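Beneath this line is the structure, given in structure tokens, with notes to follow.
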Amino acid sequence: MSKLEFDHRQAGHCESGVTSNLLNYHGHKISEPVVFGIGAGLFFSYLPFLKMQHAPMTSFRVWPGQVYDRASKKLGVVSRIQRFKNEKSSMDALDSALDSGFPVGLQVGTFHLPFFPPEYRMHYNMHNMVVYGHENGHYLISDTVIEKPAKITYEDLVRVRFAKGPFAPQGRMYYPLSVPKEIDLIPAIIDGIKKTSYNMVGIPFPLVGVNGIRYLARQMRKWQKKYGDQKASYYLGQVLRMEEEIGTAGAGFRFIYGAFLNEAADILNQSWLKEISLEMGENANRWRDFSYLGSRNCKKRAKPEESYDFLADILLDCAKKEEIIFKKLSKIR
Amino acid sequence: MEPSTKDKDASVQEDLVYRNNRELFYSFDKDKNCYTRKVDYQYQANQVIIKQGWDVLEERLEEIKQQVIRGEKSPLVYFMEKNQMEVPMLSGYSGIRKWRVKRHLKPKHFNRLSQDVLEKYASALDVPVSQLKDPDFLKE
């Protein structure tokens, strides 16, 4: 039986929220956007050969786990990260970490999470949450999506930790073992910005980064002819769901990244970043237009100016804006 | 032509389908040039696309239901779809090999399953064995 004094704070994105909350517990007030920026969480990829819920996979973020791994490493945090084959040993390891006074981050599947809102009840295996105690056979959970701290039984927790399917969490748990007293954010931030710039404009591969956005735009123009109205609309819906649904903080992480640049400008004392954070804000609003008009298309209320061609043009506009932004950002020092 | 932030906000509170949980959202205020955060229900426009996903699922489920009634597919297909699973995932949760799961999607093989195997499927799909073997919609 143990219950740690853990601050439950909601966040826009589960993994950067969990990382920020864990660091906060260890005495460092680092905001969610800054963690997200240092962890180089922003990305874009469109992988039509991978199907998720019967539609091509679109992602606005890097691989799960990367934000925590990268941010903690760059900040000099020593972590313990474990995966398990055996269910019981995974729960024993969790108990002993809690009893030694460490709140623990877990990767879980959302389908069997009892406290999750039913509209999000999907097999999404890359969700993150914090366990901060256990009492009377229940575990105490801080989930950044949910308004209040939650509780879960031993059996349910085992089930979500060993969810099956793509990106199965395999009981993955992670927590900071020791955190330096003084953290220098400056090199970590510069490094994070460089990494994201490289991911967005430096990879010579057509399906990722800015090129990926352009590729999606080209494909989108053909959807209606190729697949018919219904399937095209479903494919579009899937892109929008990945962009706006749970855990992106809106506009496929573009808002949160802009907020990061805004904070970074003050921390680094480089005022040109402020300008770029405004450009990122405009860009994020453009993505919002895309999802807003796209949702009208899905609702079959589309006017001509909300056709696939028109939506693809918005995407090209976003790609152009992001190319300019990240080319400038890649010169940071 | 472009929606202003204002009319997006105005539509937020009306006709919401989902009011189960408030989330944290970031946004960018164009007029004040600043980033803001607020806790609220998912935007109305986004609720539309979330609902679209569920509607498509519902339609597919209805189609499968008819196929099960006509005896073309086993009830296992219905419950698998209801749980949004595909063969590899059901195989993972039930511990039954993929090629066997595939066989059991046909009524011929499904009807010969032992209690033991049925129980494994039932617990993977959160449904009592009696339902799995003989779903309500077959009785009507």
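Summary table
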item: All aspartates and glutamates inside 14 Å of B:Lys73 as judged from Cα atoms, apart from same-chain residues fewer than 8 positions distant; result: B:Glu62, B:Glu63, B:Glu81, B:Asp134
item: Chain B - mean residue ellipticity at 222 nm from DSSP helices (-39,500 (n - 2.57) per run, n ≥ 4, rounded to 500); result: -16500 deg cm²/dmol
item: When each of A:Lys274/B:Lys30; B:Lys65/B:Lys139; A:Lys3/A:Lys151; A:Lys3/A:Lys88; A:Lys222/B:Lys51 is checked by Cα-Cα distance, pairs over 18 Å; result: A:Lys3/A:Lys88; A:Lys222/B:Lys51
item: Protein accessible area in the stretch A:167-271, 1.4 Å probe - carbon and sulfur %; result: 50 percent
item: GluC sites (Glu not before Pro) within the stretch A:127-226: DSSP coil, no more than 15 neighbouring Cβ in 10 Å; result: A:Glu147, A:Glu182
item: Kirkwood Rh, angstrom, the stretch A:175-333 [1 / mean 1/r, Cα pairs]; result: 17.1 Å
item: Mean shadow area of the protein assembly as shown, taken as a quarter of the surface of its Cα convex hull (nm²); result: 23.7 nm²
item: Proximal charge balance of A:Lys88 [Cβ under 15 Å; K/R count +1, D/E count -1]; result: 0
item: Net +/- balance of residues flanking A:Ile141 in space, Cβ distance below 13 Å, scoring K and R +1, D and E -1; result: 0
item: Residue-averaged [θ]222 nm for chain A, counting only DSSP H segments that reach four residues, each worth -39500 (n - 2.57); result: -16000 deg cm²/dmol
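The values are calculated or read from the model by the stated rules, or taken from the named source; none is laboratory data. All of these numbers come straight from a predicted model, not from anything done at the bench. Every residue, glycine as well, gets a Cβ built from its backbone with ideal geometry; the counts of neighbours run over all protein chains shown. Just the protein is used for accessible areas: all its heavy atoms, side chains included, with ligands, DNA and RNA removed. Shrake-Rupley method; radii C 1.70, N 1.55, O 1.52, S 1.80 Å.
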